Amino acid sequence: MKYIALAFQMLAVIVTFVMCSRLDFPNGIAPMRIVNVTFDILGMIVSVCIFLGECLTPKRKKADIFFGSLVFFETLTLFCDSVSWLFFGKPEYSALQILAFSLFYLSSVLCPTLCWFYQKEVMNLRDKVSEWIGRILVSILVVFSVTIVLNVFFKFYFFVDETTGEYFRGPLYETHLMFVFTAFLIVMPYVATKKANWHIKSAFMIINVAPYIAAFIQVVVQGLSVTYIGVLVAIIIVYVNVQVTLRRKLEIIQNQVLVAQIQPHFLFNTLATIQALCRRDADLAAKTINNFSKYLRGNIRLQNMELVPFSEELSHIQVYTDIEKMRFPNISVEFELENDEVRIPFLSIEPLVENSIKHGIRGKNQGFVKIHTYFDEKNHIIEVVDNGTGFDAKKILSEIESEKSEHIGLKNVKDRIESMCNGKMKIESQIGVGTKITVRIPKKQSGFYQN
């Protein structure tokens, strides 16, 4: 459905351009009408870009749906406005003008209604007052929709002269404004009293006030149609201050969830190791507990950070490998560090080392894992190499790309490296020889999400 809506918006832009090219434009249109149509076209292009950004969001919440709907109908409103200006004074297109004006008038109430439900979802308003506001706005929208249909026959809001093709306001035009202003006047004071993030609340106040400011300008400058350009400016502000902020918070939460998914196997295995050591070597059990406590302290300290210095991740890896070497004396871990300046997502390299030990070298007499860091002109490079059992790399990579991948550790690391620092992860493996995983992080991107 969202892609159908996007296609419609793009079609609206193309149709408007085509109409402009086929009509006697710009000579046949007054200068103010040229300005209005230009604003409408530019507004539609911006709306399509914003809507496209929403379409590319992988997991959309109810608030995203309301925002996307708001942007869609804003595009529809701008399209109808451009149609009304382009065909003004052309009686052969009077029916098209009536349809365009009807949709334009309808959007004037529909947009604030969608805007309210969007604000309600973002601010998580669930009290009785917010429920009643929603019911009042929906009731206004239903009543107004019926009157818009009746207007085609009784012409009390507006009419288009069939002989001249000119638009005129009807005797109840002010009633239409009453519907619009009532919608905003109900919402604005209520939102102003609610506690919320400063950026989010200020953006909502702007989108509630913008139609008034634009309408005032439109009254002062006769013939200038900017009301919905004002709404579009407010939508852009909301998009930057609310949608991007919410998406960033969602990424942080998802990152914490991914980190939580990686840890349990190691924790359970370590506790089992400590239990076994307590029976045969109390001193070694005490040393393991000490290392384990360092590991947990590192987790607590680092898990709320987005990107951490590689040195912090390295300390975490060393504690982990020390514990594993106590459990499996047959393995060794080597470090060749030529570069430690890069910042990486927390717990992004340790799971690769853990994977090498757990699935690659535990069963070998002389298994080893090597962590090698260096850099070239464009990238920080981290390699995790082992001489383990190896696997079919192509098969594993295709499974990692699947939404229902069983390789949670590798998939999470890959996703976080790509989303948080624009990095890439490459897996190379040969059965019976070993595995090499290479992480490349662009120098320009590393540290972009620093704390």
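The values are calculated or read from the model by the stated rules, or taken from the named source; none is laboratory data. Quantities reported herein were computed from a predicted structural model and do not represent experimental measurements. Cβ sites come from the backbone with ideal geometry, for glycine too, and all protein chains shown count toward neighbours. Protein only, heavy atoms only, side chains kept; ligands, DNA and RNA dropped before computing areas. Shrake-Rupley method; radii C 1.70, N 1.55, O 1.52, S 1.80 Å.
Give the peptides 236-242, 348-354, 332-338 in descending order of average Cβ contacts within 10 Å, highest first.
Ranking the peptides 236-242, 348-354, 332-338 by packing returns 348-354, 236-242, 332-338.
Evaluate the distance, in nm, between pseudo-label points positioned 7 Å from the Cα of residue 428 and of residue 397 along their respective Cα→Cβ axes.
So the two model labels end up 1.2 nm from each other.
Could you state the principal axis extents of the C-alpha atoms in region 345-397, from the largest down, to the nearest angstrom?
38, 26, 21
In square nanometres, what is the average projected area of the Cα convex hull of region 35-181?
With every direction weighted equally, the projected area is 9.8 nm².
For the pair residue 177 and residue 325, how long in nm is the line joining their label points, each one 7 Å along Cα→Cβ?
It is 8.1 nm.
Amide H neighbours of residue 367 under 5 Å, counting only residues 5+ apart in sequence or on other chains, H built in-plane at 1.01 Å?
332
Near residue 395, which lysines are there with a Cα under 17 Å away, not counting those fewer than 8 places off in the same chain?
The reachable lysines, counting only those whose Cα sits under 17 Å from residue 395, are 404, 411, 414, 426, 436.
What ranking do 322-329, 169-176, 38-45 get when scored by the average of other Cβ atoms within 10 Å per residue, highest first?
Going from most to least packed, we get 38-45, 322-329, 169-176.
Roughly how much of residue 70 is accessible, in Å² to the nearest 10, using a 1.4 Å probe?
Taking all protein chains as shown, residue 70 has close to 0 Å².
So if I take the centroid of the Cα atoms in region 73-131 and the same for region 338-403, what is the distance between those two points in Å?
Between the Cα centres of region 73-131 and region 338-403 lies a distance of 54 Å.
For the modelled label position 7 Å from the Cα of residue 269 along Cα-to-Cβ, which residues of region 316-352 have backbone nitrogen atoms closer than 17 Å?
Flagged as within label range: 316-334, 347-352.
For region 142-219, just list the percent of Cα-Cα distances falling in each 10 Å bin from zero outward, please.
Whole-percent P(r) values from 0 Å outward: 15, 34, 28, 15, 6, 1.
Given a Förster radius of 35 Å and the C-beta distance between residue 297 and residue 443 as r, what FRET efficiency does 1/(1 + (r/R0)^6) yield to the nearest 0.05?
0.70
Could you please state how large a percent of the accessible area of region 286-393 is carbon and sulfur, counting protein chains only and using a 1.4 Å probe?
The nonpolar share, carbon plus sulfur, comes to 48 percent.
Simple spin-label model, 7 Å along Cα-to-Cβ: residue 156 to residue 337 in nm?
7.9
Let me know the charge dipole size of region 302-384 about its Cα centre in debye, to the nearest 20, where only the beta-carbon of Lys, Arg (+1) and Asp, Glu (-1) is charged.
Magnitude of the dipole: close to 580 debye.
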